[in-house]
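Undergrad: Take this structure, written in structure tokens, and hold onto it; I'll ask about it next.
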Amino acid sequence: MGKFNYEVKDINLAKTGLEKIEWAYRNMPVLRAIEAELIEKQPFAGLKISVSVHVEAKTACLARALARGGAEVALTGCNPLSTQDDVAAGLASLDIMNVYAVHGDDEDHYWNRLRSALAFKPDIVIDDGGDFALLLHSEMQDLAKNLRGGCEETTTGVHRLEILKGENKLLYPVIAVNDARCKHLFDNRFGTGQSVWTAIMATTNLVVAGKTVVVAGYGMCGRGVAMRAKGLGAKVIVTEIDPVKACEAIMEGYQVMTMDEAAPLGDFFVTVTGCKDVIIGRHFEAMKDGAVCCNAGHFDCEVSVAELKKMCVDSTELRNNIIGYKLNNGNTVCVIAEGRLVNLASGDGHPVEIMDMSFALQAQSAMYIANNPERLPIDVYQTPEVIDNRVAEILLNTKGISIDKLTPEQEKYISSWDL
Ligand code: NAD
Ligand code: SAH
């Protein structure tokens, strides 16, 4: 037994996991630059950090960087289907942090692993979607009160923290890493755009060109998913609830309609709304035989798989990670990865260079919390601009790209109201 605890599927899977981690690491120059600073300054010495993020290779690089910066780390997943068992084993074999993550956990095991990752009383938490926040604002409130702070990775997580804050129930300060420009402009748009189609194409082995793709939600992720579908030659339909976003989608050349209207037309359906019940019973009934549904938004409630399970007359695994639900009308609706995040539950998630930026923000945001001598007042904070800019500057630097600088005259001109 080593120094740290682990709960992983099979420690013997470590070799491929370590290879994946090293491949990611060599392609993460921004995180490596931040890691060098962490190693030198040891900002996390004496601090414990609990991380609940998809347990795959890029996340492993983030968790290792935190450990190298002096933290005692406990890593767990944020989605029962996104854990890669070989990566969890690889990290556990290094014996540099506690790892609690097993692919395919049922609800009870999934939540218990989150509890295990919080049990060592962290000073800082890194959350993706707010599952830690949920525990810390319910059964583990004592831990929340002692937290120095948290960082939240994704849109829905930030949304939930804002609601807690609005109801005066937020128990610790949090940095909304998702809202940093170097996060949502790249991760949500280009990351989701690419990784969703990589996953759908690899899982189904079907052609996209000439097909009709229905994208539900035209936010940062939806723009990326629609843009890449168009690039692959699909006819794209967007559904929205926000009239301005709907107009934006029209200007981009997409058809906009309700899900009731889109349901009989789509070959592929991708939900990216953060909302629930976006595709429900009557939509499934209206779909073509063989229509493929998946979700890239939040949890498994955007495509109502629960309803589909109840209304179907039969269900079969048609291919790895695809279940076909046969309906009363004789048609089969296909669902990828049980309606959980398609890009992570049926793929490697965002490309490495995208997570490089997101996790460089996370590492710096955690450092910002650690470096503050006092606990920050309880609030949901924007990522400091200097952190955001630093990620972009390091990235430009690694590409050998320079950009213009304002002259003093320009500086004066743009900060004056008169001529
Ligand atoms: P966003 O707020 O920018 O966009 C969501 C859009 O969905 C909004 O335009 C909203 O009006 C629309 N919407 C809400 N309810 C709807 C409904 N019932 N029907 C149609 N449209 C609806 O958020 P985002 O940054 O695009 O993130 C969307 C979801 O994806 C969030 O849950 C986020 O956490 C998640 N996310 C997933 C990944 C991934 O890797 N799969 C990456 C980033 C974010
Ligand atoms: N935990 C929830 C929340 C959505 S996760 C759920 O699983 O339903 C969405 C987040 O996953 C994004 O904000 C993105 O930053 C992150 N992500 C995407 N690809 C990733 C990857 N390869 N590794 C780690 N995180 C990734």
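Undergrad: Name the residues in the stretch 295-306 that are out of contact with any Lys or Arg (no Cβ under 6 Å at 6 or more places or on another chain) and buried (at least 17 other Cβ atoms within 10 Å of the Cβ), would you?
TA: Initially, the stretch 295-306 is screened for residues out of contact with any Lys or Arg (no Cβ under 6 Å at 6 or more places or on another chain), giving 295-299, 302-306.
Within the stretch 295-306, Asn295, Ala296, Gly297, His298, Glu302, Val303, Ser304, Val305 qualify.
Undergrad: If you go through the stretch 44-51 one residue at a time, do you hit one that is in contact with a strand residue (DSSP E or B) (Cβ under 7 Å, 6 or more places away or on another chain), part of a strand (DSSP E or B), farther than 26 Å from Gly347 by Cα and charged (D, E, K, R)? Reasoning before the result, please.
TA: Of the stretch 44-51, the ones in contact with a strand residue (DSSP E or B) (Cβ under 7 Å, 6 or more places away or on another chain) are 47-51.
If we keep only those that are part of a strand (DSSP E or B) as well, we get 48-51.
Now drop any that are not farther than 26 Å from Gly347 by Cα, which leaves 48-49.
Cutting the leftovers down to charged (D, E, K, R) gives us 48.
Scanning the stretch 44-51 turns up at least one residue that is in contact with a strand residue (DSSP E or B) (Cβ under 7 Å, 6 or more places away or on another chain), part of a strand (DSSP E or B), farther than 26 Å from Gly347 by Cα and charged (D, E, K, R).
Undergrad: Filter the stretch 1-43 down to residues that are under 18 Å from Ile394 (Cβ atoms) and part of a loop (DSSP other than H, G, I, E, B) and give me whichever is least open to solvent (accessible area, probe 1.4 Å).
TA: Here the residue is Met28.
Undergrad: Which of the residues that make up the stretch 378-390 are among the acidic types (Asp, Glu) and either open to solvent by 50 Å² or more (accessible area, probe 1.4 Å) or modelled with pLDDT under 95 (or both)?
TA: Listed by number, the list holds a single entry, Glu385.
Undergrad: For the stretch 325-384, how many residues are among the hydrophobic types (A, V, I, L, M, F, W, C), part of a helix (DSSP H, G or I) and more than 19 Å from the chain's Cα centre (by Cα)?
TA: Total meeting the criteria: 3.
Undergrad: Oh, and also: Could you check Trp111 against (1) surrounded by fewer than 18 Cβ atoms within 10 Å (Cβ to Cβ); (2) outside any helix (DSSP H, G or I); (3) aromatic (Phe, Trp, Tyr) and say which number it fails?
TA: Evaluating Trp111 over (1) surrounded by fewer than 18 Cβ atoms within 10 Å (Cβ to Cβ); (2) outside any helix (DSSP H, G or I); (3) aromatic (Phe, Trp, Tyr) leaves (2) as the failure.
Undergrad: So, one more: Give me the strands (runs of 3 or more DSSP E) completely within the stretch 261-319, filtered to those with at least 1 residues that are touching a residue at least 24 places away in the same chain (Cβ under 8 Å) and over 22 Å from Ala226 (Cα atoms), ordered by residue number. Write out each step before concluding.
TA: Working: elements: 268-271, 292-295, 314-319.
Correct list: 314-319.
Undergrad: Okay, moving on. Identify all residues within the stretch 391-419 that are outside any helix (DSSP H, G or I) and surrounded by 10 or more Cβ atoms within 10 Å (Cβ to Cβ); write none if there are none. Please lay out each step first, then the result.
TA: Of the residues in the stretch 391-419, the ones outside any helix (DSSP H, G or I) are 399-407, 415-419.
Residue satisfying the conditions is Leu406 alone.
Undergrad: Of all residues in the stretch 83-106, how many are over 24 Å from Asn343 (Cα atoms) and open to solvent by 20 Å² or more (accessible area, probe 1.4 Å)?
TA: Filtering the stretch 83-106 down to residues over 24 Å from Asn343 (Cα atoms) leaves 92-98.
Next, from what is left, pick out any that are open to solvent by 20 Å² or more (accessible area, probe 1.4 Å): 93-96.
Of the residues in that region, 4 qualify.
Undergrad: Next question. Scan the stretch 112-130 for residues that are closer than 24 Å to Asn321 by Cα and within 18 Å of the chain's Cα centre (by Cα) and jot them down.
TA: Here is the first cut: in the stretch 112-130, the ones closer than 24 Å to Asn321 by Cα are 113, 128-129.
Asp128, Gly129 - these are the residues of the stretch 112-130 that are closer than 24 Å to Asn321 by Cα and within 18 Å of the chain's Cα centre (by Cα).
Undergrad: Which ones in the stretch 163-179 are more than 12 Å from ligand 1 (Cβ to nearest atom) and touching a strand residue (DSSP E or B) at 6+ places or on another chain (Cβ under 9 Å)? Let's see the steps before the verdict.
TA: In the first step, residues of the stretch 163-179 are kept if they are more than 12 Å from ligand 1 (Cβ to nearest atom); the result is 163-175.
Leu164, Lys165, Leu170, Tyr172, Pro173, Val174, Ile175 - these are the residues of the stretch 163-179 that are more than 12 Å from ligand 1 (Cβ to nearest atom) and touching a strand residue (DSSP E or B) at 6+ places or on another chain (Cβ under 9 Å).
Undergrad: Can you name every residue in the stretch 357-372 that is open to solvent by 30 Å² or more (accessible area, probe 1.4 Å) and either near ligand 2 (Cβ under 10 Å from one of its atoms) or in contact with a strand residue (DSSP E or B) (Cβ under 9 Å, 6 or more places away or on another chain) (or both)?
TA: Looking only at the stretch 357-372, we keep the residues that are open to solvent by 30 Å² or more (accessible area, probe 1.4 Å), and these are 368, 371-372.
Once the filter is applied, which keeps residues that are open to solvent by 30 Å² or more (accessible area, probe 1.4 Å) and either near ligand 2 (Cβ under 10 Å from one of its atoms) or in contact with a strand residue (DSSP E or B) (Cβ under 9 Å, 6 or more places away or on another chain) (or both), the stretch 357-372 yields Tyr368, Asn372.
Undergrad: Sort through Ile336, Ile354 and tell me the only one that's away from ligand 2 (no atom under 12 Å from the Cβ), crowded, with 17+ Cβ neighbours inside 10 Å and modelled with pLDDT of 95 or more.
TA: Working: Ile354 fails: away from ligand 2 (no atom under 12 Å from the Cβ).
The conditions single out Ile336.
The values are calculated or read from the model by the stated rules, or taken from the named source; none is laboratory data. This structure is a prediction, so every number in the text was calculated from the model and none was measured. Glycine also receives a Cβ, built like all others from the backbone with ideal geometry; neighbour counts cover every protein chain displayed. For accessibility, only protein heavy atoms count, side chains too; no ligands or nucleic acids. Shrake-Rupley method; radii C 1.70, N 1.55, O 1.52, S 1.80 Å.
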